[in-house]
Amino acid sequence: MPSEEQFRTETVSLPQLQDGEVLVKALYFSVDPYMRGRMNDAKSYAPPYKVDEPIVGGGIAKIVETKSANFQKDDIVQGSLPWATESVAKGQSLQKIDTSLAPAPYYLGILGMPGLTAYFGLLHIGKPKEGETVVISGAAGAVGIVVGQIAKLKGCRVVGIAGSEEKIKLLKEEFHLDEVINYKTTPDMKKAIEETCPNQVDVYFDNVGGSISDAVIANINFHARIVLCGQIALYNATEVPTGPRLQPMLLTRSALMQGFIVGNFKEHFREGIEQLSQWVKEGKLKYEETIVEGFDQLPEAFLGLFSGKNKGKMVVKV
Ligand code: NDP
C-alpha cells in the first residue's frame, strides 16, 4: 500500500507555448485504481510512471492561452494531464467538453472512462438477459454504480457487494438494487451469495477479485458470464496469492470468464457516450460522486480508493 510520503509537490517553470500547444489550468482530476498498477515497474497495458516525474491521469481543465486552432481561451477540455495546477499540453491530446449537457466531473465518471467500462463490460461481455441474476463487486464505486443501474434497466435481478453500511443504504435506497451485501460484516460470503441468489449467478461483474470473487464464482449458474473488470483487492499484494482453482467450476458450468480493458472498445466509444448521455438526460441513470477539494489532497484521495473512502466516482477539485 503506497503512502503519502511517497508523493511530493514541486514548483517548476513552464516552457514557452509552441504552435499547436495550449496552456491549461486544471479544474478537476480523476483518481483511479488502475494508477496503482502504473506504480509497479512491470509490463502492462499502460506504461509505469517514472520516479521524479508527475503522475498523469484523467483531468478537466480550462484553456488559459492557446496556440492551437482547435481551442479558444476559456474552453473547458478533458484529457490525460499531469498532476499540476497549470501545464502545457498538445492541443490534439485534448477534447472540448460541453458543460451545459452535464457537470464537468461527469466527464471523468459516468460520461467518461468508468461509465464506458461499465457499459461495454456489462453489455458486450456480460450480455445480461431479462430475469437473470447479476452480481457486482465494488458495487458502490464509479464503475459498479453504473453497472447496477444498466443491469436494472435490462430487467435483471441485481445483487451488489460493498464495504460499508452507508454504501449498502445508498445502493438499496437510491439505486434500488434487489439485494446488497456488506462484505466487511458478512462472515460467510459464499453462503450470503447462495441466499441472495436462489437461482444462482448468471453474470458476475468483478471489480475486486480475491476472496469475494471466490465466493461468487462458487455460485455460478450454467453458461454464466464472468466479466473480469478489476482486481483491486490484489493491487497492493506483494506475492501472487493462491485461491481456489476456478477451472473445474468454469468447466462444469460451461461458464465464460473474460478480462477486458475499456480501450478495447474505443471504436464504439461514441455509441457508448451517446447511450449513457441519453439515459442520464432521461433520468434513467443517476450518478454519485465523492468530490475532494484541493490540489494537495490528490495523494490522499487516490489512497482513499483502497480503503473505500469514495461513494461513486472519486474526483479531486483543484
Ligand atoms: P471505485 O470507485 O470502485 O473505487 C474503489 C473501491 O474498491 C473502493 O471504494 C472500495 O469500496 C473497493 N475496494 C478497495 N479495496 C478493496 C479490497 N481490498 N477488497 C474489496 N473491495 C475493495 O473504483 P472504479 O469504479 O474506478 O474501479 C473499479 C474496478 O474496476 C477497479 O478494480 C479498477 O481497477 C477497475 N477498472 C477497470 C477498467 C478496465 O478497463 N478493465 C477501467 C476502470 C476501472 P468498498 O468500500 O466497497 O470496499
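Structure notes:
- Coil-residue GluC sites (Glu not before Pro) of region 166-252, DSSP, other Cβ within 10 Å capped at 10: Glu239
- Per residue value of the accessible surface for region 27-152 (all protein chains in place, 1.4 Å probe), Å²: 43
- Overall shape of the chain was characterised from the C-alpha gyration tensor. The equivalent ellipsoid obtained from it has semi-axes of 36, 22, 17 Å, in decreasing order.
- Positive minus negative residues near Met189 (Lys, Arg vs Asp, Glu; Cβ under 14 Å): -3
- Region 243-318: GluC sites (Glu not before Pro) in DSSP loop, at most 11 other beta carbons within 10 Å: Glu282
- Along the chain, longest interval not containing exposed trypsin sites (Lys or Arg not before Pro), exposed being DSSP loop plus at most 13 other Cβ atoms within 10 Å: 185-244
- The heavy atoms of Ser44 offer some 70 square angstrom of accessible surface to a 1.4 angstrom probe.
- Part-to-part distance (alpha-carbon centres) for region 134-172 and region 244-275, which is given in Å: 18
- Per DSSP, loop chymotrypsin sites (Phe, Trp or Tyr not before Pro) in region 1-90 with at most 11 further Cβ within 10 Å: Tyr45
- Rolling a 1.4 angstrom probe over the chain with all protein chains present gives an accessible area of which 50% lies on carbon and sulfur atoms.
- With DNA, RNA and ligands ignored, accessible area of Thr66 (1.4 Å probe; Å², nearest 10): 50
- In the chain, helices alone account for a calculated mean residue ellipticity at 222 nm of -6000 deg cm²/dmol, with every DSSP H run of four or more residues adding -39,500 (n - 2.57).
- Within a straight-line Cα-Cα reach of under 13 Å, Lys184 can be paired with the following aspartates and glutamates, leaving aside sequence neighbours fewer than 8 residues apart in one chain: Glu165, Glu166.
- Of the cross-linked pairs Lys154/Lys311; Lys43/Lys167; Lys62/Lys172, those separated by over 27 Å at the C-alpha level are Lys43/Lys167; Lys62/Lys172.
The values are calculated or read from the model by the stated rules, or taken from the named source; none is laboratory data. Just so we're clear, the structure is a prediction, and the values are computed from it rather than from any experiment. Counting neighbours? That spans all protein chains shown, and the Cβs are built from the backbone with ideal geometry, glycine included. SASA here: full protein model, heavy atoms, side chains in, ligands and nucleic acids out. Shrake-Rupley method; radii C 1.70, N 1.55, O 1.52, S 1.80 Å.
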